[in-house]
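Single-structure report; data block below.
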Amino acid sequence: MGAPRGEFSSRLGFILAASGSAVGLGNIWGFPTQAASNGGAAFLLVYLLLAFLIAYPALMAELIIGRHAKANAVTALRSISNDRFTYNLGSFTGYLGIATASVILGFYAIVAGWMFAYAMVPVSDLLGMGGFADWLTGFAVGRNLIFMTLFMFVTIAIICGGVQKGIEKWCTRLMPSLLFILVALIVYVLTLDGAGEGLKAYLVPDFSRIADPQLVISAMGQAFFSLSLGVGGMLIYASYVSDKEDIVSLGRSVTLLDIGIAVMAGLLILPAMYVAQNNGVAIYDAAGNLISEDTLIFAVLPALFETMGTAGIFVALAFFVLMSIAALTSSISMLEVPVAYAVENHGLERKRATYLAGGVIIVLSGVIILNFEALFGLAIAASTRYGQPLLGLLLCVFAGWIWHRDGVLNELKKGNPDAEQGPFWKIWPFYVRTIVPAAIIIVFVQSLR
């Protein structure tokens, strides 16, 4: 074993760190654009339903296993196995989680690098450095490599600090900053002409769209991705939680905060889209479809900011700082997945393990950048469309079928002696054994069509 394991110093520290893991570009960028493409409020209703009924129970499976094992995903799943087959299945699931987290971070670091670059554009404009601003917004290999590497070194520096001095310290600073900037931007955008139309599109449902299979698939995928499920990040964070804490209450708080921020992001992005349209910026293509997510973030919104005059410079800075913070809080948890394994299973010192794992991710991201057309979409599909649902399914199988029921209950009782009489224990065991796996399989099969 490596150095002694860390532990979150407070309940709030865990909630902010775990929420930071869940609150990433999937919430601030992905959720609003998915909502805009899938009926606005209709998507919002289905997303909320699936997040609480499917994603939350799956999240609890990951948190309970992690807190019980006090170890990385590979060791944790092995520890609750009961024969050679389930032991090997646990090893496979843990290693697949490490690989999936690494691939997600591989493409995520590229996108986060774009956010870093765009955050520097308003400053460049203020300083009259137009040429540099053009380079920052151009899709050049050099720019992508530089800012991806910069983003990864910031992530590496935080992980090197460990649980309390790294993860907890920075998440307790970054998450309040994210919330403040998000609220300030929402308040400002809602005062602009056209925002009301966007607000209506977001909050008034078209019930005819709710039964659309594609909407349901998109909502399920968004719920899993935005809660950072399956890859082991939540399991690792839960392994750093004290036995004195009520893990069910913690999971509920994380879910509510994550979903709340996703909903708030919709209050920013959809009204901003319609403000842009009101200002003459196109948000639909020639076929009448909403433009793609990357075009929205890196073309439509910057064009909107330009129509705002001097105020637009500061709004653009706040927006891309917001996006950068969201990306960073998620990348921290993803890098911790391979780092925890290297420290605990191979006895590496944390800094060495962090630089090694981070270096591998930088190389992987570099390969994707140099072969962008062929690999970027493939990395996203392999990890989020296939990897995460499969991992979520396997974790539910471990929590619901492989791990003995008494072991699960004893873990819940550590932070809540009356857990057996509570509604969670009366519902969740059956739910995670049957309903959640069935829902994941149905949506996964539908997504392959």
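Each value in this text was obtained by applying a stated rule to the coordinates, not by laboratory testing. Not measured: the values here are computed from a predicted model. Note that each Cβ is placed from the backbone with ideal geometry, even for glycine, and that neighbours are counted across all protein chains shown.
Looking at the range 361-391 only, could you name the residues that are surrounded by fewer than 14 Cβ atoms within 10 Å (Cβ to Cβ), of a type in the set (A, V, I, L, M) and over 21 Å from the mean Cα position of the chain (by Cα)? Residues satisfying the conditions are V363, V367, L370, A374. The residues of the range 10-54 that are assigned to a helix (DSSP H, G or I), over 24 Å from E336 (Cα atoms) and small (G, A, S), listed by number, are A35, A36, S37, A41, A42, A51. Among the residues of the range 190-212, those that are surrounded by fewer than 16 Cβ atoms within 10 Å (Cβ to Cβ) and more than 27 Å from the chain's Cα centre (by Cα) comprise T191, D193, G196, D206, F207, S208. Of all residues in the range 333-360, those that are surrounded by fewer than 24 Cβ atoms within 10 Å (Cβ to Cβ) and in contact with a Cys (Cβ under 7 Å, 6 or more places away or on another chain) total 2.
Is it fair to say L178 is touching a helix residue (DSSP H, G or I) at 6+ places or on another chain (Cβ under 7 Å) and either surrounded by fewer than 20 Cβ atoms within 10 Å (Cβ to Cβ) or under 30 Å from E344 (Cα atoms) (or both)?
Numbers: touching a helix residue (DSSP H, G or I) at 6+ places or on another chain (Cβ under 7 Å): yes; either surrounded by fewer than 20 Cβ atoms within 10 Å (Cβ to Cβ) or under 30 Å from E344 (Cα atoms) (or both): no.
Taking the combined requirement at face value, the residue does not satisfy it.
Pairs are defined by a Cβ separation below 7 Å, a sequence spacing of at least 6 or placement on different chains, a first member in the range 233-260 that is touching a residue at least 40 places away in the same chain (Cβ under 8 Å) and outside any helix (DSSP H, G or I), and a second member that is charged (D, E, K, R) and surrounded by 20 or more Cβ atoms within 10 Å (Cβ to Cβ); the pairs so defined are V241/R67.
Among the residues in the range 23-33, are any more than 19 Å from L268 (Cα to Cα) and of a type in the set (S, T, N, Q)?
Here is the first cut: in the range 23-33, the ones more than 19 Å from L268 (Cα to Cα) are none.
No, the range 23-33 has no match at all.
Please go through the range 403-441 and give me each residue that is over 15 Å from L63 (Cβ atoms), buried (at least 18 other Cβ atoms within 10 Å of the Cβ) and among the hydrophobic types (A, V, I, L, M, F, W, C), ordered by number. If the condition is that a residue be over 15 Å from L63 (Cβ atoms), buried (at least 18 other Cβ atoms within 10 Å of the Cβ) and among the hydrophobic types (A, V, I, L, M, F, W, C), then A439, I440 are the ones that fit.
From the list V183, V163, pick out the single residue that is in contact (Cβ under 8 Å) with a residue 60 or more places away in the chain and within 21 Å of F319 (Cβ to Cβ).
Values: V163 fails: within 21 Å of F319 (Cβ to Cβ).
After ruling out the rest, the residue left standing is V183.
Considering the range 60-72, and only residues there that are surrounded by 24 or more Cβ atoms within 10 Å (Cβ to Cβ) and out of contact with any Asp or Glu (no Cβ under 9 Å at 6 or more places or on another chain), the residue that is nearest to T434 (Cα to Cα) turns out to be A61.
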